[in-house]
Amino acid sequence: MSEVAIELIGVEKVYNPGTKSEVWALRGIDLTVRRGEFIAIMGPSGSGKTTLLNIMGTMDKPTRGRVIIEGEDVTDYPEAELAHIRRDKIGFVFQFFNLITTLTALENVMLPMLLTGRYTEKEAQEKALALLALVGLEERANHKPHELSGGEQQRVAIARALANHPAFVLMDEPTGALDTVTGSKIMSLCRLLNERFGQTFIVVTHNPGVARMAKKIYHIRDGRLYKSPPQDLLQFAWEPDEAERRRIMRIYLKMLRQDLIALRRRFRSGHVGEEEYRRLKRMIAHELDLIKRGIDL
């Protein structure tokens, strides 16, 4: 597996090229995000950050340049293939949650797993419950979005984003619809998932407080990307204690074991070849070992 989650090489985006209304949204963007990083990209309206987010999420194509996800150049893929890339390799968390209003929290988290065909309904349900427990919402599993607070809806969105073990989670103004304390809790949860489990996060925001949660900060202005390290330490409104960290790690261990069960079933049924089976098994075993060393079982 590639150590690079996503790489942009010389990415440019020009709208209405060659006309009087030509707009250069992105100018020669080079960016490498490695697995396990937590980066923020800051910029005001009109800076190009939304265009950059859409290209990283494969929802738009660059005019020039390359987009490489986990070592795979996806720049020229047709939309049908890009839809599979989004489903399997990218987790999305949006400002206004984007949950399906007619589904429960549990069903919202199950859906991306069922769409892959890699899980039975029972397996998807068990993993979805574990994911909801991971974000502290196991008791709200059967509630629909309108029955949840904004912070709860965003935690469901995070659980959904993690469902298929993505290469990276792309977050678009994830605290924009939340109050300050709730937003801080959401970002602290993401920081914990990054530090303990190596989940890769890319946050696109105009909020300096949100950006400083990340380990690296980039600024985008007039379509150009600039490196800008944090200037001070962020004071968190909420910090998980050791008991909470251990609770989350135990749930994550359970989820990985469920993934291993599903993988073995798919191998026995012939849906996964031996080489792919061994590769995925090694990856899961490595993560299991990391977690076992981090908690007293």
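Structure notes:
- By the rule of a C-alpha distance below 16 Å, with chain neighbours fewer than 8 residues away ignored, the aspartates and glutamates paired with LYS281 are ASP259, ASP289.
- Packing-based order for 273-285, 184-196, 148-160, using average beta carbon neighbours within 10 Å, highest first: 148-160, 184-196, 273-285
- Note on GLU79: accessible area is roughly 110 Å² with a 1.4 Å probe, heavy atoms of protein only.
- Centre separation in Å (Cα based) which lies between the range 185-227 and the range 1-76: 16 Å
- Low-density loop cleavage sites - trypsin sites (Lys or Arg not before Pro) in the range 1-101, where at most 12 other Cβ are within 10 Å (DSSP): LYS20
- These residues, LYS254, LYS216, go from largest to smallest accessible area, 1.4 Å probe, as LYS254, LYS216.
- Relative contact order of the chain, defined on C-alpha pairs under 8 angstrom at six or more residues apart (%): 23 percent
- Using the alpha-carbon positions of the range 1-58, Rg (one decimal) and Dmax (whole number) come out as 13.3, 45 Å.
- In plain terms, the C-alpha convex hull of the range 1-137 casts an average shadow of 10.5 nm² when viewed from every direction.
- The range 47-202: equivalent-ellipsoid semi-axes (sqrt of 5 x gyration tensor eigenvalues, Cα, Å): 26, 19, 14
- Highest-MSF residue in the chain out of VAL109, VAL74, VAL135 [GNM, Cα springs under 10 Å]: VAL74
- Residue-level accessible surface for TYR226, protein heavy atoms, 1.4 Å, Å²: 110 Å²
- Legend: P(r) of the range 76-161 from all alpha carbon pair distances, 10 Å bins from 0, whole percents, reading 19, 50, 26, 6, 0.
- Share antiparallel - DSSP beta bridges, the chain, percent rounded to 5: 55 percent
- Accessible-area order (highest first, 1.4 angstrom probe) of the listed residues THR180, THR205: THR180, THR205
- Taking 19 Å as the limit for the C-alpha separation, the pairs LYS13/LYS61; LYS89/LYS185; LYS13/LYS216; LYS61/LYS216; LYS89/LYS227 exceed it in the case of LYS89/LYS185; LYS13/LYS216; LYS61/LYS216; LYS89/LYS227.
- Per residue, the accessible area of the chain comes to 48 Å² when a 1.4 Å probe rolls over the protein heavy atoms.
- Taking every alpha-carbon pair in the range 53-98 and binning the separations at 5 Å intervals from zero gives 5, 19, 35, 24, 10, 6, 1 percent.
- Accessible area of the chain belonging to carbon and sulfur atoms, whole % at 1.4 Å probe: 50 percent
- Taking the Kirkwood radius as Rh and the Cα radius of gyration as Rg, the chain has a ratio of Rg/Rh equal to 0.96.
The values are calculated or read from the model by the stated rules, or taken from the named source; none is laboratory data. All of these numbers come straight from a predicted model, not from anything done at the bench. Cβ coordinates were reconstructed from backbone atoms using ideal geometry, including for glycine residues, and neighbour counts include every protein chain displayed. Accessible surface areas use protein heavy atoms only, side chains included; no ligands, DNA or RNA. Shrake-Rupley method; radii C 1.70, N 1.55, O 1.52, S 1.80 Å.
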